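J.: Once you've had a glance at the structure underneath, I'll fire off some questions.
The values are calculated or read from the model by the stated rules, or taken from the named source; none is laboratory data. None of these values were measured; they are calculated from a predicted model. Glycine gets a Cβ as well: all are built from the backbone with ideal geometry, and neighbour counts include every protein chain shown.
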Amino acid sequence: MTCAHCHQEIPERSNYCHFCGARQHNPPYRRLMRSSQNVKIGGVCGGLAEYFNVDPTMVRLIWIALTVVPGALAGGILAYLIAWIVIPKAPTTQSDSLTGSAPVEHAAKTS
C-alpha cells in the first residue's frame, strides 16, 4: 500500500504513514444487515451468517436450538422479531433484481 500523501510504500492496513505521519483512509467497517439473498423469514440469520462469514444453515440451526431450550422459546422468538425490526435490510444488487425478483413470462404456443 502506498501513502496517499507522500507516496511512500507502507505496510497494508496502516492507520498512519511511517514516513510523513498522514492518516490513511482505510476501508469502511462492515455493517450488520439483514440478508437480501439468504432469506427464509426476515433475513436475520442470513445477515448474521454473512457478517460472520459462516454457513447460514448453521446459524439457523443454532438459533432454533437456542430457541427450543426450555424457557427460552419466547425469548428466542422475541429476539428474532426485535432483530428483524432493528437490523436494516441490505440493499439488493442489480444482478439480484435481474435474476430473481422479476417474473419470467413465457410466450404461449398457438397451434
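J.: When Ala72 is evaluated against the numbered criteria (1) of a type in the set (A, V, I, L, M); (2) modelled with pLDDT of 85 or more; (3) over 29 Å from Tyr29 (Cβ atoms), which criterion, by number, is the only one it fails?
T.: All conditions pass for Ala72, except number (2).
J.: For the stretch 47-63, name all the residues that are β-branched (Val, Ile, Thr) and over 20 Å from Val86 (Cα atoms).
T.: Val54, Thr57, Ile62 - these are the residues of the stretch 47-63 that are β-branched (Val, Ile, Thr) and over 20 Å from Val86 (Cα atoms).
J.: Identify, please: which residue in the stretch 1-46 is hydroxyl-bearing (Ser, Thr, Tyr) and not in a loop (DSSP other than H, G, I, E, B) and is, among those, nearest to Leu81 (Cα to Cα)?
T.: Out of the qualifying residues, it is Tyr16.
J.: Could we say that Ala74 is hydrophobic (A, V, I, L, M, F, W, C), in a helix (DSSP H, G or I) and over 22 Å from the mean Cα position of the chain (by Cα) here?
T.: yes
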